[in-house]
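**Q** Here it is, the structure in full.
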Amino acid sequence: MKDKFTVYEKPTCSKCREMAKLLKEAGVDFDKVNYYVEPLSQAKITELLKKMDMPARGLLRTSEAIYKELGLAKADLSDKELVALMAKHPDLIQRPIVVRGDKAILGRPTENVQALLN
């Protein structure tokens, strides 16, 4: 596989650990980025959304306390405003995000990565 894989994750996340295991078993060389240690900029989140062909709202973790505190379920915010909130509050970002070249997927469920393996 010519394009290097990058996994944006939170190491304590069970789905992130499942993704790492699946990629290792598939013999994939990949880098891991803990976005709690290396925060994602608004530009990076926007780039990832574009690679996933996903609106910002699709990347939100709706079960997080911060989502409820900010009233995001009822908030009429633009993608740019949502991206700014995700950059400020990484708990709002679904994970893992797997990137290969100019494509990316949200690894929930982990089987979604098959689209990048082929």
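The values are calculated or read from the model by the stated rules, or taken from the named source; none is laboratory data. Since we're looking at a predicted model, the values are computed, not measured. A quick note on method: Cβ atoms are made from the backbone with ideal geometry, for glycine too, and the neighbour counts reach across all protein chains shown.
**Q** Search the stretch 69-80 for residues that are in a loop (DSSP other than H, G, I, E, B) and pair each with any residue that is polar (S, T, N, Q) and at pLDDT 95 or above when their beta-carbon atoms are under 9 Å apart and the residues are at least 6 apart or on different chains.
**A** L72/T62; A73/T62
**Q** Quickly run through the stretch 82-110 and pick out the residues that are assigned to a helix (DSSP H, G or I), in contact (Cβ under 8 Å) with a residue 12 or more places away in the chain and surrounded by fewer than 17 Cβ atoms within 10 Å (Cβ to Cβ).
**A** Restricting attention to the stretch 82-110, the residues satisfying the condition of being assigned to a helix (DSSP H, G or I) are 82-88, 90-92, 110.
Remaining after also requiring in contact (Cβ under 8 Å) with a residue 12 or more places away in the chain: 82-87, 90-92, 110.
Within the stretch 82-110, A84, D91 meet the criteria.
**Q** Just name the residue that is surrounded by the fewest Cβ atoms within 10 Å (Cβ to Cβ) out of those in the stretch 29-61 that are of a type in the set (G, A, S) and not in a loop (DSSP other than H, G, I, E, B). Outline the logic, then answer.
**A** Residues of the stretch 29-61 that are of a type in the set (G, A, S), as a first pass: 41, 43, 56, 58.
Retained after the next criterion (residues that are not in a loop (DSSP other than H, G, I, E, B)): 43, 56, 58.
Numbers: A43: 10, A56: 20, G58: 13.
The residue in question is A43.
**Q** Condition first: among the polar types (S, T, N, Q) and either over 27 Å from E64 (Cα atoms) or not in a helix (DSSP H, G or I) (or both). Now tell me which residues in the stretch 1-28 satisfy that.
**A** Step one: filter the stretch 1-28 for residues among the polar types (S, T, N, Q), giving 6, 12, 14.
Result: T6, T12.
**Q** Within the stretch 58-93, track down each residue that is closer than 20 Å to K15 by Cα and basic (K, R).
**A** R61
**Q** Return the pair list, or none, for Cβ contacts closer than 8 Å from residues in the stretch 21-38 that are charged (D, E, K, R) to residues that are not in a loop (DSSP other than H, G, I, E, B), at least 6 apart or on different chains.
**A** Note: pairs meeting the criteria are D29/F5; D31/F5; D31/T6; D31/V7; K32/T6; K32/V7; K32/E9; K32/A20.
**Q** Got a number for residues in the stretch 62-73 being closer than 18 Å to P96 by Cβ and loosely packed, with under 14 Cβ neighbours inside 10 Å? Before the answer, list the steps.
**A** Looking only at the stretch 62-73, we keep the residues that are closer than 18 Å to P96 by Cβ, and these are 62-64.
Filter once more, so that each one left must be loosely packed, with under 14 Cβ neighbours inside 10 Å: 62-63.
Result for the stretch 62-73: 2.
**Q** Failed condition for L116, given (1) at pLDDT 95 or above; (2) of a type outside the set (S, T, Y); (3) part of a helix (DSSP H, G or I); (4) under 19 Å from V33 (Cα atoms), with all others met?
**A** All conditions are met except number (1).
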